[in-house]
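Nothing in this text is a laboratory measurement; each read-out follows from the coordinates by a stated rule. These figures come from a predicted structure and were not determined experimentally. Virtual Cβ from ideal backbone geometry, glycine too; neighbours counted across all protein chains shown.
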Amino acid sequence: MARRGQRQSGTTRTAPRQARGAGQRPLEKGDIIRVLARAVREVEAKAQRGPLSPAGRTKFQVVAVLVREERTRVKADKDASEAHRAEQLKRLDGVATILAQTVALDPTVYPLLDENAVFTDAADTLRSEMLQAAGVETPVADSSDAAPAVVTERRVVPQSVVARQLANPFLAPDFSAVGQRTASPKRLSTWELLGPLFRAFEYGGASSCMPLPEPGFLMTLGGLELMPHQAQVVAAAAEGHRTFLLADEPGLGKTAQALLAAHAADAYPLLVVVPNVVKTNWAREADIWTPSRKATVIHGDGDSIDGFADIVVVNYEVLDRHVGWLGEFGFRGMVVDEAHFIKNRTSQRSKHALELSERIRHRTVRPLLMALTGTPLINDIEDFRAIWQFLGWIDDKKPLAELMERLEDTGLTPADSGFYSSARTNVISMGIVRRRKVDVAADIPARRIADLPVELDDAVGRSIREAEQELARRLVARYDSALENRTSGVTVDGIDHDLVRSVARWEREDADDEKTGQNVFGMMRRIGQAKAGLAADYAAQLSRNVGKVVFFAKHIDVMDVAEETFTRRGIRFASIRGDQTAKTRQANIDAFVQDEDVEIVVCSLTAAGVGLNLQVASNVVLAELSWTDAEQTQAIDRVHRIGQEEPVTAWRIIAAQTIDGKIAELIDSKASLAARALDGSDEEISSSADVQLEALVAMLTEALQARS
């Protein structure tokens with residue numbers, strides 16, 4: 001879910017007259033929950049009639065955001081009585097239940113619950129209107145001072161930044177461009193090269209790591225010890241290399257490498273763009289690895305930042321309001337953490353990150369640019385595109401000067417058989433650094449994923465299996481209808497697999513059944529709920545037998561069931577969720593890591609899948625399946641990382657005799673994508689089609705085979 005800065009004020013006023021419909025009880029002052037309840041019922045009613053319109057989807061997202069914000073506010077309200085807080089939380093649970101029912105009706109809105117989902121201008125405006133309808137004042141910057149028909153992007157300039165600009169009215173000149181060559185058009189200028197460059201990584205080859213120098217030092221100025229693979233990247237920056245796609249497997253210390261590379265390159269001031277959940281951790285890491293360089297973190301409008309700091313940390317979710325002054329700040333380096341977040345070049349966060357990179361490159365000829373991600377490829381080789389563009393290797397249409405010059409020097413074109421391996425080598429030499437734990441950190445114990453089948457033998461399990469059967473019957477009927485109405489005259493012996501894929505695609509695009517909600521999204525949600533208690537029981541047993549356990553789930557209700565189970569069993573636990581403040585989140589992390597009596601930490605896959613060191617545990621329970629191998633890997637690598645002393649086991653809870661098992665197989669097949677493109681594996685790359693589509697294809701194919 002898109003995390004917005006807290007904009008609610010403690011001051012309230014009477015709700016506007018137009019917010020009170022005829023016959024409706026007047027709103028209490030600041031009663032945002034009543035506004036949310038009305039709005040969510042409107043959204044649910046529309047979802048019952050068919051897929052939600054863009055306006056309906058926007059209202060769904062805004063309600064979800066405000067529910068989370070209000071839940072956080074209510075829990076933190078120390079002036080309210082315990083009974084009042086309980087009543088308010090119960091009302092919010094009612095709204096959340098209707099949101100969940102809406103997802104079952106129209107599963108296409110599920111991604112809008114992700115904290116990283118784009119929050120549009122229309123959503124921002126609607127949010128302000130709903131707060132206003134509840135009598136909650138919003139800051140002037142969020143009010144409609146402009147003409148109502150015009151929605152403008154909200155930009156801010158913190159006062160401390162203004163002070164820095166006044167103190168340094170002129171940026172120091174950059175003479176590093178002197179003597180540099182500019183590439184002139186040559187024989188490759190008429191070739192389309194981006195497609196061949198991406199395909200060069202489909203063919204595999206040697207492990208994707210640029211030549212790196214021997215480590216210059218293994219001890220930092222503060223007396224901390226680096227591993228050799230970390231020191232190599234720092235040495236490369238010290239020798240003048242300035243662009244890195246640092247794609248080391250998760251857990252190999254990319255944060256430290258980036259901070260020390262910036263120090264070696266004197267790339268200050270340094271801009272660091274990160275997911276919201278890790279920005280405080282970046283400031284802590286900067287204090288550890290580069291204590292002589294002041295780090296500051298942008299929260300909300302940036303009122304509390306230090307404009308004179310050397311390292312500025314900002315999260316993707318508030319980048320939109322700060323992109324203006326950030327582009328004029330005079331940064332000499334930029335790091336994007338979890339760089340796969342910008343792979344969708346149409347998203348606002350991707351556009352802003354690319355804009356800042358371009359402006360920094362225009363101001364500083366050779367800035368330090370680093371893209372950090374342990375999972376650069378999630379669905380397709382073209383996931384590279386935005387990252388390469390951020391690094392200045394390519395633009396929308398072609399390689400830029402340095403990469404083009406390297407390709408020209410090969411003397412080859414895409415028509416030559418040797419072009420692809422040569423092109424791959426040249427792109428890697430631009431700065432791709434990929435090391436595996438098994439190669440550079442042999443002292444990190446092995447990890448394994450163990451599937452633990454569980455039987456859903458109650459009424460819920462039977463209902464899920466019946467829903468799957470009904471979905472299979474619907475797919476078969478759709479296939480038969482398409483076959484009967486085919487006008488092309490084409491006949492296929494046996495199963496027409498092209499038609500199977502088309503039917504699966506139609507089903508996924510429809511993505512809902514108005515009466516039953518029987519679709520892949522809805523069924524996986526129901527399976528997760530049905531498994532919740534069994535997964536929690538297993539985690540409880542593990543904690544008694546092997547020590548600390550990390551429990552991951554996708555949905556809040558699954559986390560709730562797990563925590564209720566642990567409470568009944570007298571097991572102390574910590575919780576990491578997306579609606580927590582940074583202070584609460586860190587307190588819960590510290591409790592799990594430092595308190596021997598806290599046996600389990602219950603984590604949201606979305607909120608806790610990145611940026612955490614939980615290697616105090618060696619067992620992970622995955623209560624629900626992810627839709628991508630990358631998300632699953634990120635979760636496991638919260639434990640399997642530098643500092644781990646024991647073999648790591650991830651226990652994946654699989655509902656037997658359901659589609660759960662097929663989804664697990666499909667997720668595993670996706671793992672070969674990065675293995676082949678980056679690690680030199682000979683495994684075949686799965687297609688870029690998503691797991692949901694492949695699950696429907698498998699279900700329909702099996703149903704057709706069963707009747708033949």
(message) Quick check: residue separation of Leu452 and Ala45 times 0.36 nm, minus the Cα distance between them. What number comes out in nm?
(response) 142.6 nm
(request) With a cut-off of at most 13 other beta carbons within 10 Å, and DSSP calling the residue loop, which GluC sites (Glu not before Pro) in the stretch 194-275 qualify? Please list them. (result) Glu239
(message) Let me make sure I get this right: for the stretch 295-334, a, b and c are the square roots of the gyration tensor eigenvalues over alpha carbons, sorted descending. Under 1.5 in a/c it's rounded, otherwise prolate if a/b > b/c, else oblate. Which is it?
(response) oblate
(request) Rank by packing, highest mean first: peptides 460-472, 573-585, with packing defined as the count of other Cβ atoms within 10 Å averaged across residues. (result) 573-585, 460-472
(request) Scan around Leu400 for amide H atoms under 5 Å from its own, H built in the peptide plane at 1.01 Å from N, and keep only partners 5 or more places away or cross-chain. (result) Ile394, Asp395
(message) Which of rounded, prolate or oblate describes the stretch 37-81 when judged by the alpha-carbon gyration tensor and an a/c cut-off of 1.5?
(response) prolate
(request) On a C-alpha basis, how far is the centre of the stretch 29-69 from the centre of the stretch 288-340 in Å? Whole number, if you could? (result) 34 Å
(message) Students often check this: by mean Cβ neighbours within 10 Å, which of 310-321, 475-486, 188-199 ranks highest, and how do the rest follow?
(response) 310-321, 188-199, 475-486
(request) Order these peptides, 96-109, 250-263, by their mean beta-carbon neighbour count within 10 angstrom, highest first. (result) 250-263, 96-109
(request) Quote the FRET efficiency, to the nearest 0.05, computed for Gln586 versus Ser304 with a Förster distance R0 of 22 Å and r equal to the Cβ-Cβ distance. (result) 0.85
(request) Report the full-extension gain for the segment Val162 to Asp266: residue separation times 0.36 nm, less the Cα-Cα distance, to one decimal in nm. (result) 35.1 nm
(message) Could you give each residue of the stretch 530-547 its phi-based ³J(HN,Hα) in whole Hz, using Karplus coefficients 6.51, -1.76, 1.60 with θ = phi - 60°, and x for Gly or Pro?
(response) 5, 7, 3, x, 5, 5, 5, 4, 5, 4, 5, 4, 4, 4, 6, 9, 10, x
